[in-house]
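Below is one structure, written out as structure tokens; comments come after it.
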Amino acid sequence: MSDKIQSVRGMHDILPADSARWQYLESVVREAMDSYGYAEIRTPLIEKTGLFSRGIGEATDIVEKEMYTFPDRKGESLTLRPENTAGCVRAALQHGLMAPAGVSRIWYAGPMFRYERPQQGRTRQFHQVGAEVYGVNGPSIEAELIALSARLWKRLGIDANVVLEINTLGTSEERAAYRDQLVAYFNDHLQTLDDDSQRRLHSNPLRILDSKNPAMQELNDHAPKLSESLGQESREHFARLQEILAGCGIVPNVNPRLVRGLDYYSHSVWEWSTDLLGAQSAVCGGGRYDGLVVELGGKPCPAVGWALGMERLLAVLDQLPQQLVPDSHPHLYFVVADDVAAAVAQKEAEWLRDALPGLKLVQNAMPGSIKAQFKRADKSGARFALVLGEDEYRSRAFTVKSLRDDSGQQTVQRDELVAYLKKTLLLD
């Protein structure tokens, strides 16, 4: 007998018992995006490999080590998307969402794929939500995106458990001058650099500052500061962002080590983190990436956005004592006396669903005694059993029996049932 086929390592099923948490998070995200005028975009899971090698960078760990890349039947190299910023820019260019003098606000949600060692907080298929804006310069749109995420945390009840850090990268010219200083500094301390830092020294030196290796901290503390290479305009941009955030009641920590290694990033970058998840502390990161549009073949266009990890956000919610996820169990489980009652119950169930659109009703679908059906009803998590027995069938009535407390049961005439259920279940 052949072995059972298992899911791919690092790619997990989301089972019915967990899907309510995901649906709740998705509904809160959608509400937040709608409230700021962001429209949803859905891009393909598979893109041409060149989109990511150009959009993420050949020298990054993602492109070098983590992408799921394969040739199609015609030999074209395709890749499962490891992130979706590049895909959104590709779609915006392809479909004219970056019209001159226009503003596009879009958001997405869905699975991403990276070949990593599976561990807590990291899987090979994971899910992200992101928000992107095209066509707006200046710090006000950056503040809007940060405020949108802050409102999301508040709506989820985790605003006290996340911290915002921000930094400025200045312009590409300012960063190029700083990069030269940084390379010279680290070249003077080659013996102190760890393997990752030595590999990044000439390809991605800013990422050395973001090293999580404790042995690198003292060296990084004494490295040249990017802020000292910024011009007046960049300083004013960053100061204005902080003023706008303060006016919104958001006071971030300025972290000079918060960087992005790719040349198309400029000005503001930010990250939300939590102390509830151990080493995997980041839950959301964003920044301005004006240069990416040109990198992918478009005309110069301002671009800024953020992305959050849904698994990490759900892990934060799981650490909190309050239960915010709505109950996903059925309101009613239909218990029937015999085959005749079962046929009537099917028709009546459709009538109830028409009359009460928010009703969650499960009809018994297997043969068995009333006692066996009540066991199934209890196992389903339903709040009430709706019983159609011989007596009820003859008198055109139903028995509504509580399954979650000792409030007993009530016989309700058919013409009064909708009003009774609406009141009892608090359905609109």
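The table that follows gives values for the structure above.
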item: Entries in Lys360/Lys401; Lys379/Lys422; Lys4/Lys65; Lys375/Lys401; Lys371/Lys423 that, when Cα-Cα distance is taken, lie over 19 Å; result: Lys379/Lys422; Lys4/Lys65; Lys371/Lys423
item: Relative contact order (%) - segment 359-421, alpha-carbon pairs under 8 angstrom, separation at least six; result: 21 percent
item: FRET efficiency estimate (nearest 0.05) - Cβ-Cβ, Ser203 to His329, R0 51 angstrom; result: 0.45
item: Dipole axis of the chain (+1 Lys, Arg; -1 Asp, Glu on Cβ), positive-most option in Pro214, Ile166, Trp153; result: Trp153
item: Segment 143-186: radius of gyration over Cα atoms, expressed as a fraction of 2.2 N^0.38 Å; result: 1.82
item: Within straight-line cross-link reach of Lys225, lysines at Cα separation under 28 Å, skipping those fewer than 8 residues along the same chain; result: Lys212
item: Column: log10 I(q)/I(0), Debye, Cα scatterers of segment 217-348, q = 0.11, 0.16, 0.18 Å⁻¹; result: -0.63, -1.07, -1.22
item: Segment 73-104: trypsin sites (Lys or Arg not before Pro) in DSSP loop, at most 11 other beta carbons within 10 Å; result: Arg73, Lys74
item: Residue-normalised accessible area of the chain, expressed per residue, 1.4 Å probe, Å²; result: 52 Å²
item: Antiparallel bridge percentage (DSSP; both residues within the chain; nearest 5); result: 80 percent
item: Sequence-separation-based contact order of the chain, relative, with Cα cut under 8 Å and 6+ spacing, percent; result: 14 percent
item: Dipole of segment 299-428 [Lys/Arg +1, Asp/Glu -1 at C-beta], most positive-end residue of Ser407, Gly309, Ala377; result: Gly309
item: Value of [θ]222 nm, deg cm²/dmol, for the chain, DSSP H segments ≥ 4, -39500 (n - 2.57) each, nearest 500; result: -11500 deg cm²/dmol
item: Cα-based convex hull volume of segment 6-115 per residue, rounded to whole Å³; result: 143 Å³
item: Relative contact order %, segment 195-347, counting alpha carbon pairs below 8 Å whose residues are six or more apart; result: 14 percent
item: Charge dipole (the chain, unit charges on Cβ, about Cα centre) - positive-most of Leu426, Ala345, Ile141; result: Ala345
item: Cα-based convex hull, the chain, per residue volume (Å³, whole number); result: 217 Å³
item: Radius 13 Å from Cβ of Glu243, net charge of other residues (Lys, Arg +1; Asp, Glu -1); result: 0
item: Linear extension gain, Asp13 paired with Gln319, 0.36 nm per residue minus alpha-carbon span; result: 108.0 nm
item: Dipole in debye (nearest 20) - the chain, about Cα centre, beta carbon charges: Lys, Arg +1; Asp, Glu -1; result: 920 debye
item: Model label zone, Asn137; criterion: amide N under 14 Å from point 7 Å along Cα-to-beta-carbon; scope segment 157-181; result: 171-172
item: Rg over Rh [alpha-carbon atoms, Kirkwood Rh] for segment 307-428; result: 1.08
item: Charge dipole (debye, nearest 20) of segment 67-221; +1 at Cβ of Lys and Arg, -1 at Cβ of Asp and Glu; result: 860 debye
item: Tyr185 paired with Asp221, simple spin-label distance in nm, labels 7 Å along Cα-to-beta-carbon; result: 1.4 nm
item: Burial order of peptide ranges 79-85, 399-405 (average beta-carbon count within 10 Å, highest first); result: 79-85, 399-405
item: Cα-centre dipole for segment 289-403 with unit charges at Cβ (Lys and Arg positive, Asp and Glu negative), debye to 20; result: 240 debye
item: For q = 0.18 Å⁻¹, Debye-computed log10 I/I(0) when each Cα of segment 105-196 counts as one equal scatterer; result: -1.12
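The values are calculated or read from the model by the stated rules, or taken from the named source; none is laboratory data. A quick note: this is a predicted structure, and the numbers were derived from the prediction, not measured. Note that each Cβ is placed from the backbone with ideal geometry, even for glycine, and that neighbours are counted across all protein chains shown. Heavy atoms of the whole protein, side chains included, go into the accessibility calculation; ligands, DNA and RNA do not. Shrake-Rupley method; radii C 1.70, N 1.55, O 1.52, S 1.80 Å.
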